[in-house]
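The values are calculated or read from the model by the stated rules, or taken from the named source; none is laboratory data. The structure presented is a predicted model; accordingly, all values stated were derived computationally and were not measured. With ideal geometry, Cβ positions are generated from the backbone for all residues, glycine too; neighbour counts draw on all protein chains shown. Protein only, heavy atoms only, side chains kept; ligands, DNA and RNA dropped before computing areas. Shrake-Rupley method; radii C 1.70, N 1.55, O 1.52, S 1.80 Å.
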Amino acid sequence: MERHLSEQEIIRRQKLQQLQDLGINPYPPETFPVNVTAKDIKQNYERDKLNYKDVSIAGRIMSIRDMGKAAFAVIQDATEKIQLYIKRDDISPTEDKTLYDIVWKKLIDIGDIIGVKGYVFTTKTGEISIHVLELKLLAKSLRPLPVVKVDESGKAHDAVTDPEFRYRQRYVDLIINPHVKDIFIKRSKIIQSIRNYFNEKGFLEVETPILQPIPGGATARPFVTHHNALDIPLYLRIANELYLKRLIVGGFDGVYEFAKNFRNEGIDRTHNPEFTGLEIYVAYKDYEWMMQFTETMIEKVVTDLYDTTVLEVEGKKIDFKAPFKRITMVDAIKEKTGVDISNASEDDLRMLCKKHHIEIDDTMGKGKLIDELFSNLCEKELIQPTFVMDYPIETSPLTKKHRSKPGFVERFELYINGQEIANAYTELNDPIDQYHRFEEQVKLKQKGDDEAMYMDYDFIRALEYGMPPTAGLGVGIDRLTMLLTNQHSIQEVILFPQMRPEKFVEFEKETTH
């Protein structure tokens, strides 16, 4: 039983059959020789016209304007759109006009992918175009694209904005919304800029396991799977921290990894169960050094991307020029509440939370209460790049105790536009202290905290061989990309964000033709 086809889909399948009847393969196997891009032509033709007398380009048809014995069309390649001028006698130079009168005028549709050869010229209206001398169908489109109208000023009307459609059918989103492709080009440039910065400093890019026997390096609920041959449970990594620190123990001075991480948590505008994290660990450094390293890196990335350090993000001008502001978590809370919580008891903190209408529960200790105060009162107001330093020891089980502040650790988070972008520590390298911290995490897990860490005996063993003083940094690449491309949702910067499975009822009943 065939699935229900729309009228347009039926017509396109009929055209497909007609092409085949004419001996034209709608999906030819041979390569098409491309020697130029639309962007290259538009940028360079006026300066160097002699180089564009024999061009060969391929792309998707985005519009067709029939003028009888000639036609204008617009194709879009990977770089941009460009206009084609197609004349009947040029592409059908003999008495047989089938290629133009039948194939081009009747059987080619918007959405089809074609290759053309010809020369570049400028129309009477001043538009750089390609005068087509040869035309070949490279792929027939059997589904019509959503219609997006573009006026003379280049403004799009009836643009497809439905997130459900755009995220599920990202391939269509990329075709009809050119700005979307630009986001992912910028994402790639951000990663490349960071990679270049690290490599120039002499740090080594490495790969660590995604399937782990113990999910460590963060407090999060993991995804669990089963390895049949070993008959053991395995976890998709929630972080790569503990493996990278094992490499510091092994003698590397600086290692980093762009890692796919997986956390079995909710989905919202800043969270996706699968995300990209960057982590770097550098021996013989501390979190003060890492702050300078981080602000220099961020400034470089922004400058590489935009050739300026000042960006407008969600209507706010943000300056990424180093150095960034620094403030302790205690001072940030004091600025908002007027209360110095440095030596506050748990009861004092509970009263302060209730005074500011912050929802808390009986399981929360001092560290969590301080974190709730900061998250609810301070976070959203940190618009300019700001390092928030010195966190409660209870919320940082992998971090070295502060050298001068009891109850706190040497940790910072970088906040920009009200969001955490990076997290860094002076790493805990005392194996006995680390063992006791893990024990506290295990107790939390036994109490029902499914995000608490597991005991990792092998990591303790590694530390017992000796890990040098080390600074570590984690950066959320998705959130950094959101910030630097001015996007409000993480789904906008992940090509294929996680969604509830779609029911393909129409395909389940289809007999493939």
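The rows are residues; the columns are (1) in contact (Cβ under 8 Å) with a residue 40 or more places away in the chain; (2) under 19 Å from LEU480 (Cβ atoms); (3) open to solvent by less than 10 Å² (accessible area, probe 1.4 Å); (4) out of contact with any strand residue (DSSP E or B) (no Cβ under 7 Å at 6 or more places or on another chain).
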{"residue": "THR219", "(1), (2), (3), (4)": "yes, no, no, yes"}
{"residue": "VAL224", "(1), (2), (3), (4)": "no, no, no, no"}
{"residue": "ASP231", "(1), (2), (3), (4)": "no, no, no, yes"}
{"residue": "GLY251", "(1), (2), (3), (4)": "no, no, no, yes"}
{"residue": "ALA259", "(1), (2), (3), (4)": "yes, yes, yes, no"}
{"residue": "ASN264", "(1), (2), (3), (4)": "yes, no, no, yes"}
{"residue": "GLU274", "(1), (2), (3), (4)": "yes, yes, no, no"}
{"residue": "GLU279", "(1), (2), (3), (4)": "yes, yes, no, no"}
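Looking only at region 308-330, count every residue that is acidic (Asp, Glu) and open to solvent by 70 Å² or more (accessible area, probe 1.4 Å) and tell me the total.
Of the residues in region 308-330, 2 are acidic (Asp, Glu) and open to solvent by 70 Å² or more (accessible area, probe 1.4 Å).
Residues of region 19-43 being part of a helix (DSSP H, G or I) and either surrounded by 15 or more Cβ atoms within 10 Å (Cβ to Cβ) or in contact with a Pro (Cβ under 8 Å, 6 or more places away or on another chain) (or both), which ones?
Residues satisfying the conditions are LEU19, GLN20, ALA38, ASP40, ILE41, LYS42.
Which of the residues belonging to region 445-457 are surrounded by fewer than 19 Cβ atoms within 10 Å (Cβ to Cβ) and under 25 Å from LYS368 (Cβ atoms)?
LYS445, GLN446, LYS447, GLY448, ASP449, ASP450, GLU451, TYR454, MET455
Given the criterion of a type outside the set (Gly, Ala, Ser) and assigned to a strand (DSSP E or B), identify the matching residue among ARG3, ARG13, ARG65.
Exactly one of ARG3, ARG13, ARG65 is of a type outside the set (Gly, Ala, Ser) and assigned to a strand (DSSP E or B), namely ARG65.
Take LYS316 and decide whether it is of a type in the set (D, E, K, R) and over 21 Å from the mean Cα position of the chain (by Cα).
Against the criterion (of a type in the set (D, E, K, R) and over 21 Å from the mean Cα position of the chain (by Cα)), LYS316 qualifies.
Restrict the check to region 426-435 and report whether at least one residue is among the hydroxyl-bearing types (Ser, Thr, Tyr), out of contact with any helix residue (DSSP H, G or I) (no Cβ under 9 Å at 6 or more places or on another chain) and farther than 30 Å from HIS488 by Cα.
Looking for residues that are among the hydroxyl-bearing types (Ser, Thr, Tyr), out of contact with any helix residue (DSSP H, G or I) (no Cβ under 9 Å at 6 or more places or on another chain) and farther than 30 Å from HIS488 by Cα, one finds none in region 426-435, hence no.
What are the pairs with Cβ atoms under 8 angstrom where one residue, in region 402-419, is over 19 Å from GLY367 (Cβ atoms) and the other, located anywhere, is open to solvent by less than 10 Å² (accessible area, probe 1.4 Å) and small (Gly, Ala, Ser)? Sequence gap at least six, or different chains.
So the pair list comes out as LEU414/ALA422; LEU414/ALA424.
Only residues in region 153-168 that are on the phi > 0 side of the Ramachandran plot count as the first member; pair them with residues that are modelled with pLDDT of 90 or more and surrounded by 10 or more Cβ atoms within 10 Å (Cβ to Cβ), Cβ under 9 angstrom, at least 6 apart or cross-chain, and list the lot.
Note: pairs meeting the criteria are ASP158/PRO146.
Restricting attention to region 474-484, does a residue exist that is within 19 Å of GLU288 (Cα to Cα), basic (Lys, Arg), in contact with a helix residue (DSSP H, G or I) (Cβ under 8 Å, 6 or more places away or on another chain) and modelled with pLDDT of 95 or more?
Scanning region 474-484 turns up no residue that is within 19 Å of GLU288 (Cα to Cα), basic (Lys, Arg), in contact with a helix residue (DSSP H, G or I) (Cβ under 8 Å, 6 or more places away or on another chain) and modelled with pLDDT of 95 or more.
Look at region 385-407 and say how many of its residues are closer than 23 Å to PHE459 by Cα, hydrophobic (A, V, I, L, M, F, W, C) and touching a strand residue (DSSP E or B) at 6+ places or on another chain (Cβ under 6 Å).
Number of matching residues: 1.
Taking ILE238, is it modelled with pLDDT under 95, β-branched (Val, Ile, Thr), touching a strand residue (DSSP E or B) at 6+ places or on another chain (Cβ under 8 Å) and part of a loop (DSSP other than H, G, I, E, B)?
no
Report the residue count in region 63-76 for those that are under 18 Å from LEU174 (Cβ atoms) and surrounded by 18 or more Cβ atoms within 10 Å (Cβ to Cβ).
Result for region 63-76: 3.
Rundown of residues vs (1) open to solvent by 60 Å² or more (accessible area, probe 1.4 Å); (2) farther than 15 Å from GLY474 by Cβ; (3) hydrophobic (A, V, I, L, M, F, W, C); (4) without any contact (Cβ under 8 Å) to a residue 60 or more places away in the chain, yes/no style:
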site: TYR425; (1), (2), (3), (4): no, no, no, no
site: ASP433; (1), (2), (3), (4): no, yes, no, yes
site: GLU440; (1), (2), (3), (4): yes, yes, no, yes
site: PHE459; (1), (2), (3), (4): no, yes, yes, no
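Looking at the structure I just gave you, is LEU211 open to solvent by 50 Å² or more (accessible area, probe 1.4 Å) and closer than 17 Å to MET453 by Cα?
yes
May I ask you to verify whether LEU305 is modelled with pLDDT of 95 or more, within 25 Å of the chain's Cα centre (by Cα), open to solvent by less than 70 Å² (accessible area, probe 1.4 Å) and farther than 22 Å from GLY466 by Cα?
Here the answer is yes, as LEU305 does meet what is asked.
Has region 84-94 got any residue that is assigned to a strand (DSSP E or B) and small (Gly, Ala, Ser)?
No, region 84-94 contains no residue that is assigned to a strand (DSSP E or B) and small (Gly, Ala, Ser).
Consider ARG269 against the criteria (1) at pLDDT 95 or above; (2) closer than 30 Å to PRO323 by Cα: it satisfies all of them except one. Which criterion is unmet?
(1)
Which residues, taken from region 300-359, are aliphatic (A, V, I, L, M) and in contact (Cβ under 8 Å) with a residue 40 or more places away in the chain?
VAL301, VAL302, LEU305, LEU311, VAL313, ILE318, ILE327, MET329, VAL330, ALA332, ILE333
With a cut-off of at least 1 residues that are among the polar types (S, T, N, Q) and at pLDDT 95 or above, name the strands (runs of 3 or more DSSP E) lying wholly within region 358-428.
The strands (runs of 3 or more DSSP E) meeting that bar are 386-392, 419-426.
Between residues in region 74-95 that are of a type outside the set (A, V, I, L, M, F, W, C) and residues that are assigned to a helix (DSSP H, G or I) and open to solvent by 30 Å² or more (accessible area, probe 1.4 Å), which pairs lie under 6 Å by C-beta distance while being six or more apart or on different chains?
The qualifying pairs are THR79/LYS39; GLU80/LYS39; SER92/LEU99.
Does region 182-195 contain at least one residue that is open to solvent by 50 Å² or more (accessible area, probe 1.4 Å), modelled with pLDDT under 95, of a type in the set (Asp, Glu) and not in a loop (DSSP other than H, G, I, E, B)?
No, the conditions are met nowhere in region 182-195.
Return the residues of region 464-473 that are within 25 Å of TRP289 (Cβ to Cβ) and surrounded by fewer than 21 Cβ atoms within 10 Å (Cβ to Cβ); say none if nothing qualifies.
TYR465, GLY466, PRO468, PRO469
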